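Visitor: Below: one structure in structure tokens.
The values are calculated or read from the model by the stated rules, or taken from the named source; none is laboratory data. Note that the structure is a prediction, hence the values are computed from the model and not measured. Note that each Cβ is placed from the backbone with ideal geometry, even for glycine, and that neighbours are counted across all protein chains shown.
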Amino acid sequence: MLDLRVTVQKWEWLQFRVGQWKTEFGRERVSSSGRQEFVERSIVNRQFTADRQKGFMVLGRVKNGTRADSRYYAGVFTGNGRGFRSSGAGSLDNRDGAPMWAARYQWNFLKDDPGFSQSDLEYHKAPVAAIAIAGLSNRSRFTRFSGSGGGSLDGFDVGLPGQFAVRQIAEDFVLKYRGLFLQHEFHWKKIRDRIYHRITSMSGATFQGGYFPHRVAHWVPEQLELGLRYATVDQDHGRQYDRITESAFVVNWFMEGHSNKLTFDVGRFGLVQANGTGRSVVQVRMQWDVTF
């Protein structure tokens with residue numbers, strides 16, 4: 001089971017949610033896989049996502065339609081990823097001595113909420129944008145999370161309950177206007193090994209944009225979108241020559257919005273080596289995405 005949640009809402013400004021879902025931390029991960037510009041999320045996602053967690057959250061939207069239009073999210077979670085503890089399932093043991101705390105504040109400074117869907121399929125005649133900050137604190141046996149649950153970043157193993165104390169900060173921005181889509185994220189993460197007393201700090205950023213050229217060249221089919229993305233991750237601030245990068249180009253053909261689309265992207269992934277040279281690989285992907 002990936003998602004099972006219940007949201008209680010009487011007022012827009014005060015809602016309650018309980019269950020298991022993708023924690024509202026980073027914009028890119030919260031965006032559904034069926035509502036993205038590229039075939040897959042950037043390299044930043046693997047290092048910094050909080051992914052699906054089990055817990056309780058207070059959330060809401062305030063000052064709707066004004067310059068102060070905002071969304072807030074504040075939750076407490078088990079901090080061990082998806083799945084539930086059962087007899088003998090040690091990897092899901094929640095007895096780590098501390099829950100996960102996560103919070104996000106999003107300011108929709110142009111009086112409207114752009115949502116989490118990528119691409120400006122709605123062709124907003126007036127710009128919509130948002131900037132957000134988020135924070136997370138957790139203690140568990142894991143250093144990363146994914147759709148499969150808790151796991152380990154490169155250079156780490158799954159530890160003992162409560163072995164890794166993780167602190168994270170994120171910032172993201174999004175803009176949609178007349179067929180233009182822009183998105184940016186920045187992440188910082190510190191991992192403290194409470195047994196071996198090691199501290200690892202890392203950071204990452206991604207920049208992404210897409211546009212429907214039909215808006216300026218009417219001979220181009222209106223279903224066609226072109227996009228670019230650049231992402232970088234410094235895996236350990238205390239170590240040189242471990243920065244990885246991603247440069248990618250995408251072509252989308254929307255037959256029925258995100259519900260029926262063809263996506264073709266080409267990405268180059270690089271790693272700088274100690275001798276000053278670099279290693280790189282090129283990846284080509286094509287996907288037909290149908291939602292029904």
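Visitor: Within region 226-256, how many residues are in a loop (DSSP other than H, G, I, E, B) and out of contact with any Asp or Glu (no Cβ under 9 Å at 6 or more places or on another chain)? Can you show your working first?
Guide: Within region 226-256, the first condition is being in a loop (DSSP other than H, G, I, E, B), and the residues that meet it are 235-242, 255.
Now narrow it down to the ones that are out of contact with any Asp or Glu (no Cβ under 9 Å at 6 or more places or on another chain): 237-241, 255.
Counting residues in region 226-256 that are in a loop (DSSP other than H, G, I, E, B) and out of contact with any Asp or Glu (no Cβ under 9 Å at 6 or more places or on another chain) gives 6.
Visitor: Also, I was wondering about something else. Would you be able to tell me the number of residues in region 243-265 that are among the acidic types (D, E) and more than 18 Å from N45 (Cβ to Cβ)?
Guide: Initial filter on region 243-265 (among the acidic types (D, E)): 246, 256, 265.
Going one step further and asking which of them are more than 18 Å from N45 (Cβ to Cβ), we end up with 256.
Of the residues in that region, 1 qualify.
Visitor: Here's something else I'd like to know. In the set S91, S70, S86, which member is in contact with a strand residue (DSSP E or B) (Cβ under 9 Å, 6 or more places away or on another chain), modelled with pLDDT under 95 and over 28 Å from F269 (Cβ atoms)?
Guide: Numbers: S70 fails: modelled with pLDDT under 95; S86 fails: in contact with a strand residue (DSSP E or B) (Cβ under 9 Å, 6 or more places away or on another chain).
Testing whether each residue is in contact with a strand residue (DSSP E or B) (Cβ under 9 Å, 6 or more places away or on another chain), modelled with pLDDT under 95 and over 28 Å from F269 (Cβ atoms) leaves just S91.
Visitor: Look at region 1-51 and say how many of its residues are more than 11 Å from the chain's Cα centre (by Cα) and either without any contact (Cβ under 8 Å) to a residue 60 or more places away in the chain or part of a strand (DSSP E or B) (or both).
Guide: 19
Visitor: Any residue at all in region 128-140 that's in contact with a Lys or Arg (Cβ under 6 Å, 6 or more places away or on another chain), surrounded by fewer than 16 Cβ atoms within 10 Å (Cβ to Cβ) and closer than 23 Å to V44 by Cβ?
Guide: Checking region 128-140: at least one residue is in contact with a Lys or Arg (Cβ under 6 Å, 6 or more places away or on another chain), surrounded by fewer than 16 Cβ atoms within 10 Å (Cβ to Cβ) and closer than 23 Å to V44 by Cβ.
Visitor: Still on this structure, I have one more. Out of all the residues in region 196-235, which are surrounded by fewer than 16 Cβ atoms within 10 Å (Cβ to Cβ) and among the acidic types (D, E)?
Guide: Answer for region 196-235, where residues must be surrounded by fewer than 16 Cβ atoms within 10 Å (Cβ to Cβ) and among the acidic types (D, E): just E222.
Visitor: Moving on to the next point. Would you point out the residue of region 257-288, among those that are part of a loop (DSSP other than H, G, I, E, B) and farther than 23 Å from V39 by Cα, that is nearest to the chain's Cα centre (by Cα)?
Guide: Taking region 257-288 first, the residues part of a loop (DSSP other than H, G, I, E, B) are 257, 259, 273-277.
Okay, now just the ones that are also farther than 23 Å from V39 by Cα, so 273-277.
On the way: Q273: 28, A274: 30, N275: 33, G276: 31, T277: 30 Å.
Among them, the one singled out is Q273.
Visitor: Next question. From the list V250, V216, V266, V284, pick out the single residue that is out of contact with any helix residue (DSSP H, G or I) (no Cβ under 6 Å at 6 or more places or on another chain), among the β-branched types (V, I, T) and in contact (Cβ under 8 Å) with a residue 60 or more places away in the chain. So that I can check it myself, show each step before the final result.
Guide: On the way: V216 fails: in contact (Cβ under 8 Å) with a residue 60 or more places away in the chain; V266 fails: in contact (Cβ under 8 Å) with a residue 60 or more places away in the chain; V284 fails: in contact (Cβ under 8 Å) with a residue 60 or more places away in the chain.
Going through V250, V216, V266, V284 in turn, just one is out of contact with any helix residue (DSSP H, G or I) (no Cβ under 6 Å at 6 or more places or on another chain), among the β-branched types (V, I, T) and in contact (Cβ under 8 Å) with a residue 60 or more places away in the chain: V250.
Visitor: Specify the residue that is farthest from W188 (Cα to Cα); the eligible residues are those in region 237-250 that are buried (at least 16 other Cβ atoms within 10 Å of the Cβ) and not hydroxyl-bearing (S, T, Y). I'd like the intermediate steps shown before the answer.
Guide: Of the residues in region 237-250, the ones buried (at least 16 other Cβ atoms within 10 Å of the Cβ) are 242-248, 250.
With the extra rule that they be not hydroxyl-bearing (S, T, Y), the set shrinks to 242-244, 246, 248, 250.
Numbers: D242: 16, R243: 14, I244: 15, E246: 18, A248: 23, V250: 27 Å.
So the residue we want is V250.
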